[in-house]
Amino acid sequence: MQYTSTRDKSLHMTAAQAIAQGLSPEGGLLVPENFPHLSAEDLESLKRVSYPERAARVMGLFLDDFSEEELKDFSDQAYSRFDTPTVTPLRILNGDTFCLELWHGPTCAFKDMALQMLPLLLTASLLKNGEERKAFVLAATSGDTGKAALEGFRDVDRTKILAFYPRNGVSKIQKLQMVTQEGNNVGVCAVDGNFDDAQTGVKRLFTDPEIAARLDEEGFFLTSANSINWGRVLPQIVYYVSAYCQLRKAGAMPPDGHMNVCVPTGNFGNILAAYYAKKIGVPIGKLICASNSNNVLTDFIKTGTYDRNRTFYQTISPSMDILVSSNLERLLFDLSGGDDALVAGYMDQLARDGKYTVTDEIAARIQDQFEAGFCDENMTRLTINSMWWDVNYLIDPHTAVAFQVLGRYRDRTGDDSPAVVVSTASPYKFCGSVLEALGASGVANGGAELIGKLQDLTKVPAPAPLADLADREVRFTGCVEPDEMAGPVLEMLS
Ligand SMILES: *Cc1c(COP(=O)(O)O)cnc(C)c1O
């Protein structure tokens, strides 16, 4: 299967090349030129196998330059560090509401689903491409990516990884997870700005000739662990296939039924994976896009105008505090029938004016498949509170955003199809906000000590990787301005 760029369809490359490269040279994102299809029989047979086997089979459809054994081996490794054999447990809340918990991996957020896999795909891709150089992985993080990428690449041969995080844009626990990261090939640095500043800074490093020259001297090339890498999107498609299998196995849906999915998203990565799952044949009805107060995607889906010129809010669901949703570009490419010039034009307008409006035809296609809503801070807290006290289910703020948006979608439309809410983080990762929402006082500025407090209050056990966080050694204390991000890269090279 060949891959191409959303901004230049004359480019053709293998999956291994697309994964090694991350981003296309002209700034476009890499996408498959064709999509496979899962038949009803394929889905039936996927229902019968384990999560790692599902992952190997689904990824195999897109990675024909990888062998079955190779992918099975990667899946077994990647999902061996999860704390439950089902990998993505499906919590049944009532007859038609389900919660897919994607945070049972080593860093307690859904990013592990892809970032435990990406390093294996990437290093294998380098070998396949005959690449002699080593990979220097750069990640901009809104909190969870950085830690998951660091943990995924830690001590992986022929790689180095550097994660940038917005100084005031991550929770104390997220920060502590990163600055205590172990491993000999890792670096972590704060940026004095928000997530978009960090992400824009990383994109700039990719086109910086001085950096390129220095990397080359040291035998490295630059690649990305952000959700723009195809090797990140692909493992995310798997859990939507799996959610369907799990629903069917639970007897919660007839063979010809469909499920809606409600996804808390910011960069549009997670919900794009759901869109692709639907495209390859998973019976998904509505794709419900849930945002926090940074509701740029809600407005876009409703109006067809993407406009990032608006107030940026720091919320209690910081991993969705994003005004430039990078992965949306892949959706536009798909829904425009692969119109690279059109997509390139939109992205130019976005870079120049901060906004663009898609054609009526594309807007109609989006509205046909997507629904959107957003949830402000108060409603997020209220939802955490009522889910705990009414249903006895402890959820984090990102997941709460999705529950709230699903509830309002159902009230508005009466659509009571089975719905899967995607749960993207352990509530323990955002202890302070969760405790506050449950009515605890004096916790707003707390750190890792709140883990014990939440555990005492709820008797829900904290995940093992968070339980001993406070005792770990802090290894990284640096902070740079957005236009000084080359510094830490050069430092790690010398
Ligand atoms: C990254 C993240 C999201 C948003 O994911 P997208 O890639 O923007 O779709 C939501 N919740 C949590 C906890 C995250 O870490």
Within the range 399-417, is even one residue surrounded by fewer than 19 Cβ atoms within 10 Å (Cβ to Cβ), among the aliphatic types (A, V, I, L, M) and over 21 Å from K172 (Cβ atoms)?
no
Would you check if there is a residue in the range 438-461 being within 26 Å of A273 (Cβ to Cβ), touching a Pro at 6+ places or on another chain (Cβ under 9 Å) and either modelled with pLDDT under 95 or not hydrophobic (A, V, I, L, M, F, W, C) (or both)?
no
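Among residues belonging to the range 92-108 that are closer than 15 Å to N392 by Cα, surrounded by fewer than 19 Cβ atoms within 10 Å (Cβ to Cβ) and in contact (Cβ under 8 Å) with a residue 40 or more places away in the chain, point out the one that is farthest from the ligand (Cβ to nearest atom). Please lay out each step first, then the result.
To start, the set of residues in the range 92-108 that are closer than 15 Å to N392 by Cα comprises 92-94, 97-99.
In the following step, the residues that additionally are surrounded by fewer than 19 Cβ atoms within 10 Å (Cβ to Cβ) were identified as 92-94.
Within this subset, residues satisfying the condition of being in contact (Cβ under 8 Å) with a residue 40 or more places away in the chain are 92-93.
Values: I92: 22, L93: 19 Å.
Applying the filter and picking the extreme gives I92.
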Is it true that some residue in the range 236-256 is in a strand (DSSP E or B), aliphatic (A, V, I, L, M) and in contact (Cβ under 8 Å) with a residue 24 or more places away in the chain?
no
Give the range 25-53 a look and list any residue that's within 21 Å of the chain's Cα centre (by Cα) and farther than 25 Å from Q116 by Cβ, or say none.
G27, G28
Please tell me if R48 is basic (K, R) and either surrounded by 15 or more Cβ atoms within 10 Å (Cβ to Cβ) or closer than 20 Å to L121 by Cβ (or both).
no
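Got a sec? Which helices (runs of 4 or more DSSP H) wholly within the range 140-232 have at least 1 residues that are within 16 Å of the ligand (Cβ to nearest atom)?
Once the helices (runs of 4 or more DSSP H) in the range 140-232 are filtered for at least 1 residues that are within 16 Å of the ligand (Cβ to nearest atom), what remains is 144-153, 172-179, 195-206.
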Quick one: which residue in T123, T159, T145 is polar (S, T, N, Q) and buried (at least 24 other Cβ atoms within 10 Å of the Cβ)?
T145
Out of S325, S242, which single residue is within 14 Å of the ligand (Cβ to nearest atom) and either at pLDDT 95 or above or under 14 Å from the mean Cα position of the chain (by Cα) (or both)?
S325
Determine if the range 126-138 includes at least one residue that is within 16 Å of the ligand (Cβ to nearest atom) and closer than 23 Å to L71 by Cα.
no
So P119 fits all but one of (1) within 30 Å of A444 (Cβ to Cβ); (2) assigned to a helix (DSSP H, G or I); what number is the exception?
(1)
Of the numbered conditions (1) among the hydrophobic types (A, V, I, L, M, F, W, C); (2) surrounded by 21 or more Cβ atoms within 10 Å (Cβ to Cβ); (3) modelled with pLDDT under 95, F333 fails exactly one; give the number of that condition.
(3)
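Of the residues N194, N260, N226, N185, only one is of a type outside the set (F, W, Y) and more than 26 Å from L469 (Cα to Cα); which? It would help to see each step written out before you state the result.
Details: N194 fails: more than 26 Å from L469 (Cα to Cα); N226 fails: more than 26 Å from L469 (Cα to Cα); N185 fails: more than 26 Å from L469 (Cα to Cα).
Exactly one residue qualifies, and that residue is N260.
Need a quick list: strands (runs of 3 or more DSSP E) entirely within the range 1-75 having at least 1 residues that are farther than 18 Å from L234 by Cβ and not aliphatic (A, V, I, L, M). Spell out how you get there, then give the answer.
Values: elements: 3-5, 8-13, 30-32.
Result: 8-13.
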Just for the range 59-85: of the residues that are surrounded by 14 or more Cβ atoms within 10 Å (Cβ to Cβ) and polar (S, T, N, Q), which one is nearest to D415 (Cα to Cα)?
S75
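Which one is surrounded by the fewest Cβ atoms within 10 Å (Cβ to Cβ), of the residues in the range 433-464 that are within 15 Å of the ligand (Cβ to nearest atom) and not in a loop (DSSP other than H, G, I, E, B)? Spell out how you get there, then give the answer.
Narrowing the range 433-464 to residues within 15 Å of the ligand (Cβ to nearest atom): 433-434, 463.
From what is left, the residues that are not in a loop (DSSP other than H, G, I, E, B) are 433-434.
Working: S433: 25, V434: 28.
Across the range 433-464, the extreme among qualifying residues is S433.
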Within the range 455-479, the residues that are closer than 19 Å to W103 by Cβ, among the hydrophobic types (A, V, I, L, M, F, W, C) and in contact (Cβ under 8 Å) with a residue 60 or more places away in the chain are V460, A464, L466, L469
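The values are calculated or read from the model by the stated rules, or taken from the named source; none is laboratory data. Bear in mind the structure is a predicted one, so any value in this text is a computation, not a measurement. FYI the Cβ positions are ideal-geometry reconstructions off the backbone, even for glycines, and counts take in every protein chain you see.
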